[in-house]
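The values are calculated or read from the model by the stated rules, or taken from the named source; none is laboratory data. Since this is a predicted model, take the numbers as computed values, not measurements. No Cβ is skipped: glycine too gets one built from the backbone with ideal geometry, and neighbour counts run over all protein chains shown.
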Amino acid sequence: MNEIEQKQKTNTSFLDAGRGSPTPSETFRTGSETRVRPEISNAITDDPVLDVRRATFHYIFTHPLFYFSTFLILLGGIAFGYYTADYLDAVIITLVLFFALYAIVMKRIRDAFMEQFAKSIGYEFALSSDVAGVDGALFRVGHDRGISDVASGMNGGRPVRVFYYSYTVGEGKSAQVHPFTVFECTFESTMPHIMLHRPDGIFSGDVPVFSGGVDLTLEGDFNKYFSLAVEKEFELEAYQIFTPDIMQDLIDTSKRTGFEFLHNKLYIYKDKLIEKRAELDALFALSNKLCTRLEPVIKGMKGDVEAIKRLK
């Protein structure tokens, strides 16, 4: 066994130990096509990334290039302070450059994390995507909106994407960047506009609940956990989608999570960048389970939804 094969075997064993799942084959199917799974492209590390922050610290403390870069930053700061006699500015500039270097490394580790996730489930990976290709309340807020680290593929015949998204509110020193992890599932049928979220969740801040919606009362104790808004005249369809058994599945994962149906897409918003593999796997499993359970319901109401929309 050569050195490359030995390294691949070691990495595979480490992944299996961490996830308890077998390594996928080197080919995968998307719809009716069979494609070769893409290799990790231009990644900062070939090691399995199961936790972005821990992997970043591991990279920092084990790679000479980072030490060398840090040394150059310190040397530059000392030189700046010596020649300008402005040691406070020298310290500030040095710290800013160091944290900028740390942020660059962490971003590259995060890219590798999402690319490894995409590869492991047989999905394709892209570093970015056009914001014009998405629609929903979250994507109309703020400025400097951007999509990055996109895993895309097919699940049960449905196009699925998992990606990072961020937008900025405010300007200058008051600017705040809001990061999200988004799951997107595309159905064949058009659905009414529906939002499901916790009262203290993402739709209670910058992201508004759509105008013209109707607030619905949920069965049992579910009102303690969720607020449900639906496009007017589609109240019955909302109850058909969010049945008590589906709501029960969502309770444990509803914290910091919002759900939105719009046109033929379901968006699940998590208001943070998920940087742990176990958490990302859990969101992916829940999202696919939800899509699988909802698809026959959505197909069954297709005629009613289209008829109501034509009358509006």
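Some notes on this structure:
Every residue, every condition in (1) crowded, with 19+ Cβ neighbours inside 10 Å; (2) within 28 Å of residue 132 (Cα to Cα); (3) at pLDDT 80 or above, yes or no:
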| residue | (1), (2), (3) |
| --- | --- |
| 166 | no, yes, yes |
| 175 | no, yes, yes |
| 179 | no, yes, yes |
| 201 | yes, yes, no |
| 217 | no, no, no |
| 229 | yes, yes, yes |
| 236 | no, no, yes |
| 248 | no, no, no |
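- The C-beta contact set for segment 162-175 (first residue closer than 30 Å to residue 152 by Cα, second residue of a type in the set (Lys, Arg) and modelled with pLDDT of 85 or more, distance under 6 angstrom, 6+ apart or interchain) comprises 167/145.
- For segment 65-105, the set of residues classified as at pLDDT 75 or above and within 30 Å of residue 49 (Cβ to Cβ) consists of 95, 96, 97, 98, 99, 100, 101, 102, 103, 104, 105, listed by residue number.
- Residues that are β-branched (Val, Ile, Thr) and surrounded by fewer than 20 Cβ atoms within 10 Å (Cβ to Cβ) within segment 283-299 comprise 292, 297, listed in sequence order.
- Residues of segment 117-144 satisfying the condition of being in a helix (DSSP H, G or I) and touching a helix residue (DSSP H, G or I) at 6+ places or on another chain (Cβ under 8 Å): 117, 120, 131, 137, 138, 139
- Assessment of segment 145-153 against the conditions (under 16 Å from the mean Cα position of the chain (by Cα), small (Gly, Ala, Ser) and not in a strand (DSSP E or B)) yields no matching residue.
- Exactly one residue among 254, 211 is surrounded by 13 or more Cβ atoms within 10 Å (Cβ to Cβ) and at pLDDT below 80, and that residue is 254.
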